[in-house]
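K.L.:
This is the structure I have questions about; it appears just below.
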Amino acid sequence: MTARGRFITLEGGEGVGKSTLAGALARQLGARGIQIVRTREPGGSPGAEALRKLILSPPDDVGGWQSTAEALLFYAARSDHLDRTIRPALTRGDWVICDRFSDSTRAYQVAAGGVAPEHIDALERVCVGPTSPDLTLVLDLSMAIARTRMTARGARPDAIEARSLAYHEAVYRAFLDIARANPQRCIVLDASLSPDDLARAAMTEISQRFAEIR
Ligand code: T5A
């Protein structure tokens, strides 16, 4: 029987460099002969990608999602993503590198949006169950630098990016709180490093954690 693959998630605020790091990790782990499935949330399966559009670009007549409705949409997308993409990959023995996962719901919809944590605990039991990440890399970057990077990239902000500074400060603090509360699973990385140095720091943590790539 194939051993279950490893499940690595990348977390942090907007524009901290998660997608860039996910690409570098996929290349470097792939070069070591590991089958990688690189994916993201919201999204990562056709159904979840359809929900992504609804969440991040709500139709004008919706008037923006209220926090509980938004959390439920994220879990609908996550449930589909787990069933169609993540669990099959882990069962094959592939490694999954996922740009955002449940910690994002706890940071955005709970800490910043005010959804009760016990409601998310219940959704976690129903949708995620035992498929929780083996390792979470939390990218820590000051909001000022992240905003400069986002401005340089020039894309129009989506419904969540466009929220207030206070909302995003609560998100920033929440990721560090989550990392402190889960030291076995979470590693905080300094995301002000260059892309190459950040990838090197992440690979060091991954190889210390997982004997099969040493
Ligand atoms: N959300 C998501 C919730 O509210 N709840 C949830 O449960 C989930 C799953 C997703 C949105 O949904 C919310 C959070 C988000 O608001 P998204 O479009 O996927 O939306 O947004 P992000 O995940 O924030 O992705 P971004 O692409 O905006 O940011 P990244 O991936 O962190 O950053 P990246 O790699 O694209 O880099 C940003 C810019 O910085 C440069 C890059 O070239 C790029 O221009 N850069 C660096 N520059 C210098 N040094 C480095 N180390 C750099 N790394 C990247």
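K.L.:
For V115, what residues show an amide H to amide H distance below 5 Å, using hydrogens built from the backbone and excluding near sequence neighbours?
P.N.:
V110
K.L.:
Enumerate the calculated ³J(HN,Hα) couplings along the range 82-93 in order (Karplus 6.51 cos²θ - 1.76 cosθ + 1.60, θ = phi - 60°), each rounded to whole Hz, writing x wherever the residue is Gly or Pro.
P.N.:
Per-residue couplings from phi come out as 5, 5, 8, 10, 6, 5, x, 5, 5, 5, 5, x Hz.
K.L.:
Another question, if that's okay. Give me, ordered by chain and number, the residues 5 or more places off T136 or on other chains with an amide H under 5 Å from its own placed amide H.
P.N.:
T9, C186, I187
K.L.:
In a shell of Cβ-Cβ distance under 10 Å around K18, excluding K18 itself, what net charge do Lys and Arg (+1) and Asp and Glu (-1) give?
P.N.:
Local net charge: -1.
K.L.:
Another one. With every protein chain left in place, what is the accessible area per residue of the range 55-124 in square angstrom, probe 1.4 Å?
P.N.:
Ligands and nucleic acids excluded, the result is 40 Å² per residue.
K.L.:
Rounded to a whole number, what % of the accessible area of the range 63-214 do carbon and sulfur atoms account for, probe 1.4 Å? Numbers along the way, then the final one.
P.N.:
Working: 3990 of 7400 Å².
The computed percentage sits at 54.
K.L.:
Follow-up. Return the long-range amide H neighbours of V96 (sequence gap of 5 or more, or a different chain), with a cut-off of under 5 Å between placed amide H atoms.
P.N.:
Distant-sequence amide H within range of V96: R6, F7, I8, V37.
K.L.:
Report, in deg cm²/dmol and to the nearest 500, the calculated mean residue ellipticity at 222 nm for the chain, where each DSSP H run with n ≥ 4 adds -39500 (n - 2.57) and the sum is divided by the residue count.
P.N.:
Theoretical 222 nm ellipticity from helices: -14000 deg cm²/dmol.
K.L.:
If you average the sequence gap of Cα pairs under 8 Å that are 6 or more apart and divide by the length of the chain, what percent do you get for the contact order?
P.N.:
Working: 306 pairs, mean separation 68.6, N = 214.
In percent, rounded to a whole number, it is 32.
K.L.:
Follow-up question, since we're still on this one. Out of V37, G47, F74, whose Cα points farthest toward the positive end of the dipole of the range 15-132 (charges: +1 Lys, Arg; -1 Asp, Glu; placed on Cβ)?
P.N.:
Selected residue: V37.
K.L.:
Could you rank V37, V171 by how accessible they are, 1.4 Å probe, largest area first? Walk me through the intermediate numbers first.
P.N.:
Values: V37 30, V171 0 Å².
Solvent-accessible surface, decreasing: V37, V171.
K.L.:
Dipole of the chain, Cα-centred, from +1 at each Lys and Arg C-beta and -1 at each Asp and Glu C-beta, to the nearest 20 debye?
P.N.:
640 debye
K.L.:
Can you give the charge dipole size of the range 128-192 about its Cα centre, rounded to the nearest 20 debye, using +1 on the beta carbon of Lys and Arg and -1 on the beta carbon of Asp and Glu?
P.N.:
My answer is approximately 180 debye.
The values are calculated or read from the model by the stated rules, or taken from the named source; none is laboratory data. The shown structure was predicted, so the numbers you read here are calculated from the model rather than taken from an experiment. Because the Cβ atoms are built from the backbone with ideal geometry, glycine has one as well, and the counts that use them run over all protein chains shown. The accessibility values were calculated without ligands, DNA or RNA, using every heavy atom of the protein model including side chains. Shrake-Rupley method; radii C 1.70, N 1.55, O 1.52, S 1.80 Å.
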